[in-house]
Amino acid sequence: MSVVHETRIGPLHLEASEHGLTLLGFSPGDGDVARGEAAEEILDLARREIDAYLDGTLREFTVPVDLSAHPAWDRRVLEQLRSVRYGDTVSYGELAAATGLAAGEARRVGGAMARNPVAIVVPCHRVVGADGSLTGYAGGLERKRALLDLESRDQVLF
């Protein structure tokens, strides 16, 4: 099942299988999606959680994610990425190390981030350059900055 969800950061394209969200993107997917009651329920939950997240009232998504159509390597990186908490960031090198790669293999992590089908829920916006700089994001750097600002607005800085 596929829908376009209008949000404060622009339209988001959502697709779901009977097992979980398969796309949360800034452009349409390839349309190969399941139809059925479970997929509809997943999309409804995803829309509610996205709205709550963008309103600043949700910090952790519970909508199930279905990454089964993606290579095992990408799934491994994306699952590790899900452990980066709201308001935190991690560099590509740090994520590579947490995934079991040498920090020098950060480009492999960058490739997995570029193929992340469920942006925001699997928070690739929380991955930054080694110097803290904003680097590539499918939704554009302006959206990445907006998401990071949303998450940092209630953080206490010392």
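Within the stretch 131-138, does at least one residue satisfy the condition of being under 20 Å from Arg8 (Cα atoms), at pLDDT 95 or above and touching a Lys or Arg at 6+ places or on another chain (Cβ under 8 Å)? Scanning the stretch 131-138 turns up no residue that is under 20 Å from Arg8 (Cα atoms), at pLDDT 95 or above and touching a Lys or Arg at 6+ places or on another chain (Cβ under 8 Å). Evaluate the stretch 94-101: report whether one residue or more is small (Gly, Ala, Ser), open to solvent by less than 30 Å² (accessible area, probe 1.4 Å) and assigned to a loop (DSSP other than H, G, I, E, B). No, the stretch 94-101 has no match at all. Within the span defined as the stretch 62-81, one or more residues are of a type in the set (D, E, K, R), touching a His at 6+ places or on another chain (Cβ under 6 Å) and open to solvent by less than 30 Å² (accessible area, probe 1.4 Å). In the stretch 43-60, which residues are open to solvent by 30 Å² or more (accessible area, probe 1.4 Å) and either closer than 27 Å to Gly111 by Cβ or part of a helix (DSSP H, G or I) (or both)? Result: Asp44, Leu45, Arg47, Arg48, Asp51, Glu60.
Okay, residues lined up against (1) closer than 17 Å to His125 by Cβ; (2) at pLDDT below 95; (3) over 17 Å from the mean Cα position of the chain (by Cα); (4) not aliphatic (A, V, I, L, M):
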position: Ser2; (1), (2), (3), (4): no, yes, yes, yes
position: Gly25; (1), (2), (3), (4): yes, yes, no, yes
position: Gly29; (1), (2), (3), (4): no, yes, no, yes
position: Glu37; (1), (2), (3), (4): no, yes, yes, yes
position: Glu49; (1), (2), (3), (4): yes, no, no, yes
position: His70; (1), (2), (3), (4): no, yes, no, yes
position: Arg76; (1), (2), (3), (4): no, yes, no, yes
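When restricted to residues that are more than 26 Å from His13 (Cβ to Cβ) and in contact with a Phe, Trp or Tyr (Cβ under 7 Å, 6 or more places away or on another chain), the stretch 71-117 contains 1.
The residue pairs whose first member lies in the stretch 44-67 and is closer than 20 Å to Ala146 by Cα and of a type in the set (Asp, Glu), whose second member is open to solvent by 20 Å² or more (accessible area, probe 1.4 Å) and assigned to a helix (DSSP H, G or I), and whose beta carbons are closer than 9 Å, counting only pairs six or more residues apart or on different chains, do not exist in this structure.
The values are calculated or read from the model by the stated rules, or taken from the named source; none is laboratory data. Predicted model only: the values in this text are computed from it and were never measured. Note: ideal-geometry Cβ built from the backbone for every residue, glycine included; neighbour counts use all protein chains shown. Heads up: the accessible areas ignore ligands, DNA and RNA and are worked out on the full protein's heavy atoms, side chains in. Shrake-Rupley method; radii C 1.70, N 1.55, O 1.52, S 1.80 Å.
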